[in-house]
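The values are calculated or read from the model by the stated rules, or taken from the named source; none is laboratory data. Note that the structure is a prediction, hence the values are computed from the model and not measured. Note that we place each Cβ from the backbone using ideal geometry, even for glycine, and neighbour counts take in every protein chain shown.
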Amino acid sequence: MNQKIEKNEEYRLQITGMTSEGNGVGKIDGYTVFVPNTAPGDYGRVRLVKKNKHYGYGKLMELIQPSPDRVEPDCPYFGVCGGCTYRHISYEAELRLKEDLVRDAFSRLGGIFTEVSPIVGSKRTEGYRNKAQYPVGRNKEGEIVAGFYAKRSHRIIPSAECALQPAVFGEIQAAVLDFMREKQIPPYDETTGEGLIRHLYLRRGEVTGEIMLCLVAASLEIPHIKEFVCQMTERFPAIQSIVLNENSSRDNVILGKYCRTIWGRDTIRDILCGVEVELSPLSFYQVNHPQAEVLYRKAMEYAGLTGTEILLDLYCGAGTIGLSGADRVRQLIGVEVIPEAIENAKRNAERNGTKNARFLCADAGEAAALLAEEGLLPDVIILDPPRKGVDQQVIDAVEKMSPECLVMVSCNPATAARDCALLREKGYEIRAITPVDLFPRTGHVETVVLLSKGEIDSQKVRVEFSLEDIDMSEFKKGATYSEIKAYVLEKFGLKVSSLYISQVKRKCGLEVGQNYNLPKSENQRVPQCPLEKEKAIMDALRHFKVTL
Ligand code: SAH
C-alpha cells in the first residue's frame, strides 16, 4: 500500500479498464481505484471515498478528458437501474471490453493462453430480450408500481419501458398494474411478507410471437382472476398462456417451484436453429434468440459431428443445443435437473421427429458419474452449466468417459476458465475460445470453448447405450458458511468473511442468504473479495458440491 494515498483526498486518475459490474479502473501510484460511471480512456479528478488495503473506490468529481468511446446514455435510468452496464460507451467499445474480460479470465484465473477469437457481436442491441421479470411493489406514497431493481438493491424503480425489451412487455406491465390498482390486489411486501403479487414474468417466442404471462405470487388464491384473464387475453391476443407461480419464500429467488396454468397452454412455442421448441415457465431459454442461434451453431461447429457420434448434452435445459445437432449424431443423451425442462426436451424431440434422443432428469454430476459407471463412452460432451460452473463430480466423470471432444458453453468466463483448467489437468487441451455477446449493454457475455484430447484414446469402443433400468436418485447438497470458512482456513490458511463467501457465490450464480446478498445501504462500496480468497472459496464450493 502506498502511504501517501489518503481517503477523502482528490487525485487525477486515468481510467484504463472496466469491471463487468460497470466500474472504471485506474491506478494512483500503483494503487488500484474503482470509479463508478467511468470508462476506459476517461481522465478526471477523483475523490477517494473508500480505502482498503489493496484497492479503493473513487467518486468522479470532474471529467477533464472524456474517453473517445463515450456516448450519451440513451436511457434515463442508466446508472441507477441494475440492468445495463455499458450504456455510456459505444457498442464497439463494449465488445472490446467483453473480449478482454474473457481473455483475462482464461489467462488470469485459468492460466490458459489459447488465443481468444474475436467476439461475435449482436446485430440487435435494443429490444432483443424475449423475457422480462418485473418486480411489483409499492412506492413511498403507497401506490402499486413495477419496474426494475436499482443497482444491488431491492428498491423498485418504476418503469414500463426498457430499451432491452420489446415494447409489448411494457404495455402488458401497465395493463397488469392498472388491473391490480382497480381491484386493489396487493403487491407482496418483502419486509412484512404480506401481500400477493411479487413479480410479473413475461416470455415471448421470437419466431411465433406467442407470449406467456406469469404472475409470481405468494399465494395462488388471487381475487378477480377470471376477469384478469378476460381483460389480458382480449387486449393482447399474442398471449397464449397465463400461469401463476407460487413463491411464498422469504428469500431472493424470483420463481417458486410450483406453477399452475390458469388459461391457455402450459407452454409457449418457438423455433430455434430450425428446432420447434416448447417452453415451460421454469425451463431455461436464452433471452436473445438470434444470438442464441449464433452461439449454438458455434458449439455445433466445435463439436464437429459427422453422424456417427454419441453426444452427451449435460445441463441441457429444454434440449435446445443437443436437438439442434440430433440429425448429425447416432445417439443423443441430455441431462437436466429441472423436471419441467426435461418434459419439454422430451416433447421437443417428439415434435421434431427425433428418435435417437433420450433425456434424463438428474443432477449433472450424479448423472455423469452414474453414466460413466455404467460404461457410457460418448464421443462428444457438451457442458452448458449455470453461472457456478460444473461440479468436480462432472469433471471426474468426463475423465472416466474420456470423450475425444468437449464443448463448453458458459455464461460466466470466471468459472469457465476454472473448469477448463481442471479439464486440462485431465488431459484436455483448450483448442479454441469464442466469446459471443448475447447480452448487449449488460455486463454479461457467453463463451464457447473447444477442448479435445491431447492424445486420442482409440482403445475404447463406443457402443449404443441404454438408459433404461438405471436408478437415478437425486440428492441435495450444500454447506453452511461456517463449514466453508473452516475448510478455507484449514486448506489455505485464509480467513474469509461471510461477505466474501456470498460475493463468490453470487459470482458463481448461486443464491445467497438475504443478509449477505446486499450491502446494507445502496452504496455499492463494499469490500471486494481478493483473488486469492476467491479461488479458495471456489475450491470450497466445489469441495462441498454446492448446487443451486
Ligand atoms: N443448454 C440449455 C440450458 C443451459 S442453462 C440451453 O442452452 O438452453 C443451464 C441449465 O443447467 C439450466 O437449464 C439449469 O436448470 C440446469 N442446471 C442447473 N444446475 C444443474 C445441475 N446440478 N444438474 C443438471 N442441470 C442443472
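With the structure loaded, tell me whether residue 270 is surrounded by fewer than 18 Cβ atoms within 10 Å (Cβ to Cβ), within 22 Å of residue 350 (Cα to Cα) and modelled with pLDDT of 95 or more or whether it fails that test.
Taking the combined requirement at face value, the residue does not satisfy it.
Could you check how many residues of region 388-402 are out of contact with any strand residue (DSSP E or B) (no Cβ under 8 Å at 6 or more places or on another chain) and farther than 13 Å from residue 370 by Cβ?
5
For region 297-308, state whether one or more residues are without any contact (Cβ under 8 Å) to a residue 60 or more places away in the chain, on the phi > 0 side of the Ramachandran plot and more than 22 Å from the chain's Cα centre (by Cα).
yes
Say we look at region 318-339 and pick out the residues that are farther than 23 Å from residue 389 by Cβ and touching a residue at least 60 places away in the same chain (Cβ under 8 Å); which of these is nearest to the ligand (Cβ to nearest atom)?
Looking at the filtered set, the residue picked out is 331.
Every residue, every condition in (1) surrounded by fewer than 21 Cβ atoms within 10 Å (Cβ to Cβ); (2) at pLDDT below 95; (3) assigned to a loop (DSSP other than H, G, I, E, B); (4) in contact with a helix residue (DSSP H, G or I) (Cβ under 9 Å, 6 or more places away or on another chain), yes or no:
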| residue | (1), (2), (3), (4) |
| --- | --- |
| 73 | yes, yes, yes, no |
| 78 | yes, yes, yes, no |
| 83 | no, yes, yes, no |
| 93 | yes, no, no, no |
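Looking only at strands (runs of 3 or more DSSP E) that lie completely in region 195-267, which have at least 3 residues being buried (at least 19 other Cβ atoms within 10 Å of the Cβ) and at pLDDT 95 or above?
Output list reads 197-204, 211-217, 239-246.
Here are some residues: 136, 102. Which one is crowded, with 22+ Cβ neighbours inside 10 Å, within 30 Å of residue 210 (Cβ to Cβ) and among the hydrophobic types (A, V, I, L, M, F, W, C)?
Selected residue: 136, the only one of 136, 102 that is crowded, with 22+ Cβ neighbours inside 10 Å, within 30 Å of residue 210 (Cβ to Cβ) and among the hydrophobic types (A, V, I, L, M, F, W, C).
Of all the residues that make up region 380-422, how many are under 23 Å from residue 331 (Cβ atoms), crowded, with 24+ Cβ neighbours inside 10 Å and free of Cβ contacts under 8 Å to residues at least 60 places away in the same chain?
4
Has region 281-289 got at least one residue that is crowded, with 21+ Cβ neighbours inside 10 Å, among the hydrophobic types (A, V, I, L, M, F, W, C) and in contact with a strand residue (DSSP E or B) (Cβ under 8 Å, 6 or more places away or on another chain)?
For region 281-289, residues crowded, with 21+ Cβ neighbours inside 10 Å, among the hydrophobic types (A, V, I, L, M, F, W, C) and in contact with a strand residue (DSSP E or B) (Cβ under 8 Å, 6 or more places away or on another chain): absent.
Out of all the residues in region 340-389, which are among the charged types (D, E, K, R), within 12 Å of the ligand (Cβ to nearest atom) and in contact with a Cys (Cβ under 8 Å, 6 or more places away or on another chain)?
If the condition is that a residue be among the charged types (D, E, K, R), within 12 Å of the ligand (Cβ to nearest atom) and in contact with a Cys (Cβ under 8 Å, 6 or more places away or on another chain), then 340, 384, 387, 388 are the ones that fit.
Considering each residue of region 268-282, count those that are part of a loop (DSSP other than H, G, I, E, B) and closer than 15 Å to residue 211 by Cα, and give that number. Let's see the steps before the verdict.
Narrowing region 268-282 to residues part of a loop (DSSP other than H, G, I, E, B): 273-274, 280-282.
Then drop every residue that is not closer than 15 Å to residue 211 by Cα, which leaves 280-282.
Number satisfying all stated conditions: 3.
Here are some residues: 285, 315. Which one is within 13 Å of the ligand (Cβ to nearest atom), touching a residue at least 40 places away in the same chain (Cβ under 8 Å) and at positive phi? Don't jump to the end; show me each part of the working.
Details: 285 fails: at positive phi.
After ruling out the rest, the residue left standing is 315.
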